[in-house]
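Accompanying notes for the structure given below.
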Amino acid sequence: MDTPLDIPLVAPPDTPSRPTDLHDPFALPDHLLVLRDRVREFVRGEVIPAEPALLAGGDTARTALDDLRAKARANGLWGLSHPVEIGGRGLPLADYVHLGEAEGESEFGPAVLGSEHLLDALMLHRHATPAVRDRYLPGILDGRTTPCYGMSEPGRSGSDPSLMTTRATKTDGGWEIQGSKWFSRAAGADFMTVMCRTEPLGVPNSQAFTMFLVPTDAPGFSCVRELSVLGTDGRHREVRLDRVAVPDENMIGGRGAGFAAAGERLDLGRTLRAVQWLGQSRRAFGLMCRRLHRRTAFQEPLASKQLMQQHVFDSYTEIQAARSQVLRAAAAVQAGRRAYVEVAAAKVLASRTLCRVLDRAVQVYGAEGLIDDTPLSRMYRTARATRVYDGPDELHVHTVAKRLLKAYAGAPDVEPDVF
């Protein structure tokens with residue numbers, strides 16, 4: 001891994017638009033297969049062995065992250081998912097899914113390879129004023145600037161954003177923000193994008209909220225407490241904004257356009273999270289299968305036990321089904337379609353798959369799977385939160401089912417195209 005990557009990020013002009021291998025209709029074209037394998041090799045050979053240092057926190061973690069990022073750049077693997085026009089490598093989303101899965105085998109893969117803050121980079125690129133874009137976007141792209149996002153609030157249902165109480169009030173030349181946010185990765189962040197109510201009650205929710213970029217060193221911005229998620233520190237914090245002043249130029253997407261910009265962010269964000277969860281599922285699957293070969297019980301390897309084989313079969317089929325739906329969601333988002341059904345289904349399916357595969361892997365490891373001698377303990381705790389992030393499963397199941405049923409409410413002799 002000490003030579004730069006020297007392969008195209010897009011297919012040559014004469015490459016067929018679809019795979020032509022009749023034995024494997026889902027085979028990747030050669031240029032993408034090579035790139036995927038290089039990312040996977042880097043994550044497994046460089047990032048995963050460095051996880052203890054990355055989890056140590058403080059200077060140890062910062063040094064390890066900086067060293068890995070330098071290696072990623074040297075190998076041509078930095079910023080593959082960012083558009084060319086903002087200094088990235090320009091890999092299309094439907095292609096990046098395969099790389100993102102390889103990155104996701106380690107929770108630190110996206111941070112090391114420069115894709116962790118893709119959502120924030122795109123948001124600033126598309127919706128920020130030129131002054132804010134020029135000030136913050138270059139730092140995000142080269143890894144010097146860390147953003148975070150503030151939407152959920154203490155004591156409020158995160159699945160009903162209309163209940164948000166954080167408010168921005170117009171002042172001469174700017175805005176004053178008052179309120180609280182939580183489950184924002186504010187630890188070590190340089191700025192937070194804050195969703196606020198700017199319009200009075202009675203204005204439709206789609207026009208009542210606005211996003212602002214708030215530097216974390218602004219007077220009145222404070223981290224109230226650390227939020228430990230099932231015993232892990234994922235940099236989540238509860239944040240208080242006490243009369244924080246921001247200029248007009250820090251508005252993101254225009255007054256009253258907060259929900260529209262957030263919706264764009266959520267479709268892509270849910271898809272990217274699902275991609276990373278596929279990588280975690282694959283890692284857990286590999287750990288489980290190797291354990292089944294190495295451990296014996298009652299004079300036989302665990303791999304010979306039928307109940308253990310059931311774990312392997314169920315995990316394999318669930319990962320493959322989730323991957324298929326994630327690819328469908330990515331294609332819909334890339335095409336610019338209204339993709340909520342595809343994306344929500346992918347998010348729920350990938351999350352459930354990750355939890356189930358990890359549960360089986362822990363069961364196969366027995367007591368050893370419950371402690372930090374293996375990565376499974378932390379992965380298992382982290383995975384449980386995926387069923388809550390970006391909307392709980394119940395919200396997505398309810399909404400997707402309603403939309404599908406509505407499609408069948410018309411003429412009985414017309415078959416709707418929902419697949």
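The values are calculated or read from the model by the stated rules, or taken from the named source; none is laboratory data. What you see is a predicted model, and the numbers here were worked out from it, not measured in a lab. No Cβ is skipped: glycine too gets one built from the backbone with ideal geometry, and neighbour counts run over all protein chains shown.
If you filter segment 281-306 down to residues that are touching a helix residue (DSSP H, G or I) at 6+ places or on another chain (Cβ under 7 Å) and charged (D, E, K, R), you find that the one that is farthest from I319 (Cα to Cα) is R295.
Scanning segment 83-121 for residues that are of a type in the set (A, V, I, L, M, F, W, C) and within 19 Å of D390 (Cβ to Cβ) returns L93, V97, A111, L118, L119, A121. State yes or no: is L241 buried (at least 17 other Cβ atoms within 10 Å of the Cβ), out of contact with any strand residue (DSSP E or B) (no Cβ under 8 Å at 6 or more places or on another chain) and either in a strand (DSSP E or B) or not assigned by TED's automatic domain parsing to the domain that holds G173 (or both)? No, not satisfied. Entry remark, segment 80-112: residues being farther than 21 Å from V326 by Cα and either buried (at least 22 other Cβ atoms within 10 Å of the Cβ) or assigned by TED's automatic domain parsing to the domain that holds Q334 (or both) number 1 in total. Scanning segment 134-160 for residues that are of a type in the set (D, E, K, R) and over 23 Å from C196 (Cβ atoms) returns D134, D142, R144.
Looking only at segment 338-377, residues that are modelled with pLDDT under 95 and within 18 Å of the chain's Cα centre (by Cα) come to 2 in all. For residues in segment 154-169 being of a type outside the set (A, V, I, L, M) and modelled with pLDDT of 95 or more, which is farthest from D248 (Cα to Cα)? This residue is T166. Against the definition (of a type in the set (D, E) and assigned by TED's automatic domain parsing to the domain that holds R294), how does E394 come out, yes or no? Judged against the criteria, E394 is a match. Is segment 165-181 home to any residue that is closer than 30 Å to T63 by Cα and in contact with a helix residue (DSSP H, G or I) (Cβ under 6 Å, 6 or more places away or on another chain)? The answer is no; no qualifying residue exists.
Just to be sure, is A261 within 23 Å of P92 (Cβ to Cβ) and in contact with a Gly (Cβ under 7 Å, 6 or more places away or on another chain)? So A261 passes the test.
Answer yes or no as to whether A335 is within 23 Å of the chain's Cα centre (by Cα), more than 19 Å from C355 (Cβ to Cβ) and exposed (fewer than 13 other Cβ atoms within 10 Å of the Cβ). For A335, the condition - within 23 Å of the chain's Cα centre (by Cα), more than 19 Å from C355 (Cβ to Cβ) and exposed (fewer than 13 other Cβ atoms within 10 Å of the Cβ) - is met.
Looking across segment 84-115 at every residue that is outside any helix (DSSP H, G or I) and hydroxyl-bearing (S, T, Y), the one that is farthest from A70 (Cα to Cα) is identified as S106.
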